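Please treat every number below as a calculation from the coordinates, not as lab data. Bear in mind the structure is a predicted one, so any value in this text is a computation, not a measurement. Cβ sites come from the backbone with ideal geometry, for glycine too, and all protein chains shown count toward neighbours.
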Amino acid sequence: MSSSAPRPLVAGNWKMNGQFALLAEAAKLRQAIQAQPPACDVLICPPATLLAALAAASAGYALAVGGQDCHAKAAGAHTGDIAAEMLADAGATFVITGHSERRADHAETDAVVCAKAQAAHRAGLVAIVCVGETIGQRKAGDTLAVVAAQVAGSVPDGALAANTVLAYEPVWAIGSGLTPTAADVATVHSALRAQLVARFGVAGGAMRLLYGGSVKPSNARELLAVPHVNGALVGGASLNADDFLGIIAAYQP
Ligand code: PEP
């Protein structure tokens, strides 16, 4: 990490996992973070049912809390949805938008993801905008074109380093135990950085770029050392405090 690189972010996405008992893992995380302040920002995005409780328990600790999705509108007749303002009201400071599971399960287009990221900004949240290619797209040699189009369509105009994080998550690496090589990650992240700088100037140079997809303690050091990788978005390994701490430790000297 060069001295001008943004402070890294290690973000956990609990997805649709966890009941109240899982908050014990977050308590373990808080204790560890308090005992040894990490060299990165740390975030947990729990299921919505746990968000307010986790945020209340984490107040005063260096542990941020985020949502996994939000609706584009601030309020209204949208049964089952959650507005970005509601997440903020519950104690969130981040929200993930456009995770590939939502793009696939809920047919979210780039335009929908962009509207959600705008909603996050409206509510004062940091949007973690996710992009990534499928295995078919990678095999066809389309990775860079696919993620460039997703970034162009999903990151709102006027995005700032303070309110936007971009997460590159190859769909085929999520939950599979497979990861791209460090060289492959470097190729994508340097292309993303160039695209952000071309569009947003200085802000594009300062936006955090996360890598996500089967990050675990054993591969974190290598993946997080790749140029223009400013942290990780972690699914499975974020459910266990020791594993998540093992990833955070990749930033310790
Ligand atoms: C994710 O879903 O964002 C993710 C990266 O999952 P995993 O770490 O389990 O691959």
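Some observations on this one:
- The combined condition, being crowded, with 22+ Cβ neighbours inside 10 Å and on the phi > 0 side of the Ramachandran plot, is fulfilled by Gly213.
- Those helices (runs of 4 or more DSSP H) of the stretch 178-253 in which 2 or more residues are away from the ligand (no atom under 14 Å from the Cβ), over 21 Å from Trp14 (Cα atoms) and of a type in the set (A, V, I, L, M) occupy 182-200, 202-206.
- Number of residues in the stretch 88-106 that are in a loop (DSSP other than H, G, I, E, B), more than 16 Å from the ligand (Cβ to nearest atom) and surrounded by fewer than 24 Cβ atoms within 10 Å (Cβ to Cβ) equals 3.
- Asp41 vs. criteria buried (at least 17 other Cβ atoms within 10 Å of the Cβ), of a type in the set (Asp, Glu) and in contact with a helix residue (DSSP H, G or I) (Cβ under 8 Å, 6 or more places away or on another chain): no
- Selection of the stretch 155-177 for residues being away from the ligand (no atom under 16 Å from the Cβ) and under 17 Å from Gly98 (Cβ atoms) yields Val155, Pro156, Asp157, Ala159, Asn163, Thr164.
- Taken over the stretch 107-154, the criterion of being assigned to a helix (DSSP H, G or I), within 16 Å of the ligand (Cβ to nearest atom) and farther than 25 Å from Pro8 by Cα is satisfied by Ile135, Arg138.
- Cβ-Cβ under 8 Å pairs, at least 6 apart or on other chains, the stretch 81-98 side of a type in the set (D, E, K, R), far side part of a helix (DSSP H, G or I): Glu85/Arg122
- Evaluation of Ala24 against the conditions (1) within 16 Å of the ligand (Cβ to nearest atom); (2) more than 23 Å from Arg208 (Cα to Cα) shows that the sole unmet condition is (1).
- Count of residues meeting criterion [within 15 Å of Lys28 (Cα to Cα) and surrounded by fewer than 17 Cβ atoms within 10 Å (Cβ to Cβ)] in the stretch 61-87: 2
- Test: residue in the stretch 28-47 that is touching a residue at least 12 places away in the same chain (Cβ under 8 Å), over 26 Å from Ala220 (Cα atoms), touching an Asp or Glu at 6+ places or on another chain (Cβ under 9 Å) and more than 16 Å from the ligand (Cβ to nearest atom): no
- Of all the residues in the stretch 155-177, those that are over 19 Å from Ala120 (Cβ atoms) and either in contact with a Leu (Cβ under 6 Å, 6 or more places away or on another chain) or not in a helix (DSSP H, G or I) (or both) number 5.
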